[in-house]
1. Given (1) at pLDDT below 95; (2) touching a helix residue (DSSP H, G or I) at 6+ places or on another chain (Cβ under 9 Å); (3) surrounded by 14 or more Cβ atoms within 10 Å (Cβ to Cβ), where does residue 44 come up short, assuming only one miss?
2. Which number in (1) in a helix (DSSP H, G or I); (2) under 23 Å from residue 20 (Cα atoms) marks the one condition that residue 44 misses?
3. Restricting attention to segment 66-96, and to residues there that are part of a helix (DSSP H, G or I) and in contact (Cβ under 8 Å) with a residue 12 or more places away in the chain, which single residue is surrounded by the most Cβ atoms within 10 Å (Cβ to Cβ)?
4. In segment 1-37, what residues are surrounded by 12 or more Cβ atoms within 10 Å (Cβ to Cβ) and touching a strand residue (DSSP E or B) at 6+ places or on another chain (Cβ under 9 Å)?
């Protein structure tokens, strides 16, 4: 397998790719939608809501935590997760810039 040459791309391009990869699984989208709806929840709630096993939910939560879009607070023996508003707004801005750069005036076909 070839080496990924991320140094050929801008920081913004690498960041967008990293975010897209983290958002690239329907379970992670479901987790984000649930957190947006409820504002915060614990891992067990996500297991009940989404229907995946706890270790699987934990793996998806880890991927979302790694990009910083969610964060968790320890509450006794469980962790309560919520959207990280600063990172969420940064993600929103990056994707809005990408999508708004499209001009429908182009006629490529």
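The values are calculated or read from the model by the stated rules, or taken from the named source; none is laboratory data. Keep in mind the model is a prediction, meaning the values are calculated, not measured. All Cβ positions, even for glycine, are placed from backbone atoms using ideal geometry, and neighbour counts span all protein chains on display.
1. Tallying (1) at pLDDT below 95; (2) touching a helix residue (DSSP H, G or I) at 6+ places or on another chain (Cβ under 9 Å); (3) surrounded by 14 or more Cβ atoms within 10 Å (Cβ to Cβ), residue 44 fails exactly one: (3).
2. Looking at each condition in turn, residue 44 falls short on (2).
3. 91
4. 31, 32, 34, 35
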